Amino acid sequence: MNICVCVKQVPDTLDIRLDPTTNTLIRQGVASIINPHDKHALEAALQLKEQYGGNITVISMGPLQAKEILKDCLAMGADKAILVSDTAFVGSDTLATSYTLAYAIKKAGNFDIIICGSQSSDGDTAQVGPQLAEQLGIAQITWACSIKYDGAAFKVTRETEMGFEVIEAKLPLLVSVLKNMNIPRYPSVSNTIKAHRANITVWTADDINISCKKVGIKGSPTRVTRIFTPERKGKNLIIQKESAQEAVELLLRKLTEERIF
Amino acid sequence: MDRVDSIIIGGGVIGLAIAYELSQRWPDKSILLLEKEATFGKGLSSRTSEVIHSGVYYPTDSLKAKLCVSGNRLLYEFCNKWKVPYNKIGKLIIAQDDKDIETLEFLFRQAVANEVPSTRLLNSDDITKIEPNIKAQAALCCPTSGIVDSHKLMASLAQGAKQNGAMLVYKQEVFGIRMQSSEYIIDFIDENGDKSSVACRALVNAAGLTADRIASMAGINVDEAGYRIYRCKGEYFAITNRKAAMVNNLIFPVSIRELKGPGIPLIKDLKGRLRLGPDAHYASSTSTDYSVQPGNAAYFYKTVSSYLTFLELADLQPDIAGLRPRLLVPCGSPPRDFIICHEIERNLPGFVNLIGIESPGITCCLSLARYVSEMLEAILLPKQECF
């Protein structure tokens with residue numbers, strides 16, 4: 001089975017800080033990690049490979065520093081990693097990103113299944129996976145919590161607000177997976193050493209033969225007008241009393257006053 | 001079998017600092033860190049006072065004194081570079097009676113000999129100006145002391161090491177060390193119970209509480225070598241927030257429980273919270289009991305109430321507990337110095353043991369890492385082909 005996994009480098013979620021004056025992300029001193037959702041996509045790919053054999057290629061679009069997370073993917077057990085990186089891509093929105101990834105995927109090979117995390121922890125749009133399927137003109141199943149293969153078709157269980165849906169689809173297929181699908185494995189020592197020595201293939205805009213008008217800020221119809229830290233409106237109240245009885249009474253009174261209870 | 005240049009066992013603050021230092025000094029060498037837990041800093045590094053010590057308490061010429069004074073400076077530099085939160089709030093070492101003052105004067109002379117910068121003695125009037133709520137006759141002011149976000153420190157060391165090319169691998173527990181020709185074969189077991197081996201030329205044992213066990217795997221008799229680790233438990237109690245603003249500095253009695261004295265430090269943490277601790281009592285050799293006994297609040301209160309007169313017993317709430325790796329000393333003696341030994345005399349060249357690295361380990365992490373990297377230079381630097 002020829003599997004492709006799309007991954008994104010994101011700032012460590014515990015570390016996200018905004019510059020209060022410019023409302024932009026403070027990146028200095030902030031660690032970069034694999035988008036946590038994408039780790040589940042890679043784990044799903046690794047489990048498919050273990051069951052049905054095949055090859056896993058991970059692809060990321062981002063700055064050259066994203067090689068580090070691609071090495072992490074190789075350490076988890078991916079076979080090959082490709083970074084699509086070019087200054088022309090700076091400022092790409094989800095449409096421009098999915099366009100770029102689609103061209104990279106077409107060049108990388110014929111994949112039976114493309115697996116994405118459901119969304120990224122920084123942008124949180126959940127758009128790139130579905131857009132990518134559209135760009136490639138293949139079927140897509142989102143919010144997957146299980147992927148099975150019977151030799152001819154995939155049977156994917158997706159989790160919705162109403163319950164579970166089981167959908168069958170033929171190859172090639174794009175699936176975006178939820179975090180509750182699996183527990184990503186820890187990298188092994190052997191794979192980590194291999195990854196350490198691996199060369200990550202880097203493709204530029206020219207290498208994948210795309211139109212520079214459709215990428216970067218020029219190719220992105222989305223305009224972010226403002227990013228901001230929400231104002232803290234609520235007040236917290238710490239109740240410290242001599243006895244639990246007194247504290248509970250005060251808490252009940254406050255809850256009643258605020259019409260919460 | 002896989003081969004690397006260097007392996008570090010243990011992903012606490014010390015192991016991470018060594019991975020950072022080695023990978024920075026020799027970016028072309030392959031540096032592998034093996035940690036048995038799911039991520040870094042799950043052992044004693046996360047259960048400390050987070051104090052950046054100045055180096056007053058440790059005997060002149062000891063490793064603790066030398067590494068603490070140089071490590072203090074290196075740590076602040078690192079924190080500035082990596083935006084690790086810290087607060088250089090300073091420490092007052094307080095004396096309450098004439099006997100304490102004698103000890104304080106000794107500590108002052110020791111501080112000068114240790115080249116701790118800017119320490120000065122204060123009388124009770126000076127103390128009142130700085131700390132109106134602390135009762136003491138005299139104090140030694142150590143302005144280079146502070147407090148650091150130890151998790152962010154470890155995260156930055158891990159990030160820096162990775163950026164330099166070091167490999168940090170978690171959920172890998174070492175269970176054997178063999179010497180074969182001029183290299184070490186390290187046997188380890190992963191999260192699935194699968195066993196593997198990896199070879200290296202330089203091996204650093206930074207396993208904290210289990211460092212004696214790792215040393216014994218290489219054939220060292222830990223009792224003969226004086227490497228046996230005894231787990232020493234220290235509990236902390238938090239002080240109710242409404243009294244947190246009553247103290248401005250770190251307050252340490254002249255002789256603290258950690259160093260076999262009677263006093264307990266008062267820590268003002270980065271969030272402005274006040275904590276008392278640690279105390280010190282031995283735990284069993286396999287203990288991982290991190291519980292805090294609420295009943296011990298009375299003992300803490302009794303110990304500190306002479307200098308923290310504003311405290312009431314009800315102000316104390318159980319906080320955290322830590323286990324420290326302590327080396328055996330004759331009864332009543334202060335703790336031993338760090339053991340940082342390149343085991344050439346035991347015919348184990350390239351093997352560095354770090355045993356009994358407790359307080360002031362966090363302060364020393366970067367100076368200690370430099371010290372270890374200098375030890376390994378002769379092993380790693382010869383123009384041998386890199387694996």
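Out of curiosity, is A:GLY77 surrounded by fewer than 21 Cβ atoms within 10 Å (Cβ to Cβ) and over 16 Å from A:VAL202 (Cα atoms)?
Yes; evaluated as a whole, the condition is true for this residue.
What pairs come up if the first residue lies in the range B:27-55 and is within 30 Å of B:ARG109 (Cβ to Cβ) and away from chain A (no Cβ under 11 Å), the second is in a loop (DSSP other than H, G, I, E, B) and not hydroxyl-bearing (Ser, Thr, Tyr), and their beta carbons are under 6 Å apart, counting only those six or more places apart or on different chains?
B:HIS53/B:PRO360; B:SER54/B:VAL116; B:GLY55/B:ASN114; B:GLY55/B:VAL116
Are any residues in the range A:228-261 open to solvent by less than 90 Å² (accessible area, probe 1.4 Å), away from every other protein chain (no Cβ under 14 Å) and in a loop (DSSP other than H, G, I, E, B), and if so, which ones?
A:GLY234
Name the residue that is most open to solvent (accessible area, probe 1.4 Å), counting only residues in the range A:153-201 that are part of a strand (DSSP E or B) and β-branched (Val, Ile, Thr).
Looking at residues that are part of a strand (DSSP E or B) and β-branched (Val, Ile, Thr), I get A:VAL166.
Could you please give the count of residues in the range B:44-65 that are crowded, with 23+ Cβ neighbours inside 10 Å, small (Gly, Ala, Ser) and over 10 Å from the mean Cα position of the chain (by Cα)?
Of the residues in the range B:44-65, 3 are crowded, with 23+ Cβ neighbours inside 10 Å, small (Gly, Ala, Ser) and over 10 Å from the mean Cα position of the chain (by Cα).
Here are some residues: B:LEU75, B:LEU33. Which one is in contact with a Leu (Cβ under 7 Å, 6 or more places away or on another chain), more than 30 Å from B:VAL254 (Cβ to Cβ) and surrounded by 21 or more Cβ atoms within 10 Å (Cβ to Cβ)?
When all the criteria are applied, what remains is B:LEU33.
From B:ALA225, B:ALA166, which residue is away from chain A (no Cβ under 14 Å) and either in contact with a His (Cβ under 7 Å, 6 or more places away or on another chain) or hydrophobic (A, V, I, L, M, F, W, C) (or both)?
B:ALA225
Of all the strands (runs of 3 or more DSSP E) wholly in the range B:287-387, which have at least 3 residues that are at pLDDT below 95?
Correct list: B:316-327.
Conditions first: (1) open to solvent by 20 Å² or more (accessible area, probe 1.4 Å); (2) within 14 Å of another protein chain (Cβ to nearest Cβ); (3) at negative phi. B:ALA113 passes all but one, so which condition is the exception?
(2)
Checking A:LEU83 against (1) touching a residue at least 40 places away in the same chain (Cβ under 8 Å); (2) open to solvent by 10 Å² or more (accessible area, probe 1.4 Å); (3) not in a helix (DSSP H, G or I), which single condition isn't satisfied?
(2)
Name the pairs whose Cβ atoms lie under 9 Å apart, with the first residue in the range A:216-239 and without any contact (Cβ under 8 Å) to a residue 60 or more places away in the chain, the second hydrophobic (A, V, I, L, M, F, W, C) and outside any loop (DSSP other than H, G, I, E, B), and 6 or more positions between them or separate chains?
Taking only residues 6 or more apart or on different chains, the pairs are A:LYS218/A:ALA88; A:LYS218/A:ALA96; A:LYS218/A:CYS212; A:LEU237/A:LEU251; A:ILE239/A:ALA247; A:ILE239/A:VAL248; A:ILE239/A:LEU250; A:ILE239/A:LEU251.
Only one of (1) open to solvent by less than 30 Å² (accessible area, probe 1.4 Å); (2) under 24 Å from A:GLU68 (Cβ atoms) fails for A:VAL128. Which number is that?
For A:VAL128, the exception is condition (1).
From (1) farther than 17 Å from B:ASN248 by Cβ; (2) of a type outside the set (Lys, Arg); (3) assigned to a helix (DSSP H, G or I), pick out the condition that doesn't hold for B:ASP125.
For B:ASP125, the exception is condition (1).
Do you know which of the residues in the range A:194-227 that are in contact with a strand residue (DSSP E or B) (Cβ under 6 Å, 6 or more places away or on another chain) and within 14 Å of chain B (Cβ to nearest Cβ) is farthest from B:LYS29 (Cα to Cα)?
Ranking the candidates gives A:ILE200 first.
Which pairs turn up if I take residues in the range A:171-190 that are within 14 Å of chain B (Cβ to nearest Cβ) and look for partners that are part of a loop (DSSP other than H, G, I, E, B) and not aliphatic (A, V, I, L, M) with beta carbon separation below 7 Å, at least 6 apart in sequence or on another chain?
So the pair list comes out as A:TYR186/B:TYR170; A:TYR186/B:LYS171; A:TYR186/B:GLU191; A:SER188/B:ASP190; A:VAL189/B:GLN172.
Might you check whether a residue that is touching a strand residue (DSSP E or B) at 6+ places or on another chain (Cβ under 8 Å), of a type in the set (Ser, Thr, Tyr) and at pLDDT 95 or above occurs anywhere in the range B:213-223?
Looking through the range B:213-223, none of the residues is touching a strand residue (DSSP E or B) at 6+ places or on another chain (Cβ under 8 Å), of a type in the set (Ser, Thr, Tyr) and at pLDDT 95 or above.
How many residues does the range B:89-107 hold that are assigned to a loop (DSSP other than H, G, I, E, B) and either within 14 Å of B:ILE134 (Cβ to Cβ) or at pLDDT 95 or above (or both)?
The total comes to 3.
Name, by its number, the condition in (1) assigned to a loop (DSSP other than H, G, I, E, B); (2) among the β-branched types (Val, Ile, Thr); (3) exposed (fewer than 11 other Cβ atoms within 10 Å of the Cβ) that does not hold for A:THR222.
(3)
Kindly establish whether A:LYS39 is in contact with a strand residue (DSSP E or B) (Cβ under 8 Å, 6 or more places away or on another chain) and not hydroxyl-bearing (Ser, Thr, Tyr).
Criteria met by A:LYS39.
In the set B:ARG242, B:ARG231, which member is farther than 22 Å from B:ARG47 by Cα and either open to solvent by 20 Å² or more (accessible area, probe 1.4 Å) or among the acidic types (Asp, Glu) (or both)?
The conditions single out B:ARG242.
Could you check how many residues of the range B:1-30 are more than 30 Å from B:TYR236 (Cα to Cα), open to solvent by 10 Å² or more (accessible area, probe 1.4 Å) and not aliphatic (A, V, I, L, M)?
10
Of all residues in the range A:137-152, which are open to solvent by 40 Å² or more (accessible area, probe 1.4 Å) and more than 15 Å from A:LEU46 (Cα to Cα)?
Scanning the range A:137-152 gives A:GLY137, A:ALA139, A:GLN140, A:TRP143, A:ASP150, A:GLY151, A:ALA152.
If a residue must be in a helix (DSSP H, G or I) and hydroxyl-bearing (Ser, Thr, Tyr), how many such residues does the range A:28-56 contain?
The total comes to 1.
Looking only at the range A:61-74, which residues are open to solvent by less than 20 Å² (accessible area, probe 1.4 Å) and within 11 Å of chain B (Cβ to nearest Cβ)?
Listed by number, the list holds a single entry, A:ILE69.
Is it the case, given these coordinates, that A:ASN209 is in contact with a helix residue (DSSP H, G or I) (Cβ under 9 Å, 6 or more places away or on another chain) and at pLDDT 95 or above?
no
The values are calculated or read from the model by the stated rules, or taken from the named source; none is laboratory data. Here the structure is a predicted model, which is why all the values come from computation and not from measurement. Using ideal geometry, Cβ is built from the backbone for each residue, glycine included, and neighbour counts are taken over all protein chains shown. Surface areas here come from the heavy atoms of the whole protein model, side chains and all, with no ligands, DNA or RNA. Shrake-Rupley method; radii C 1.70, N 1.55, O 1.52, S 1.80 Å.
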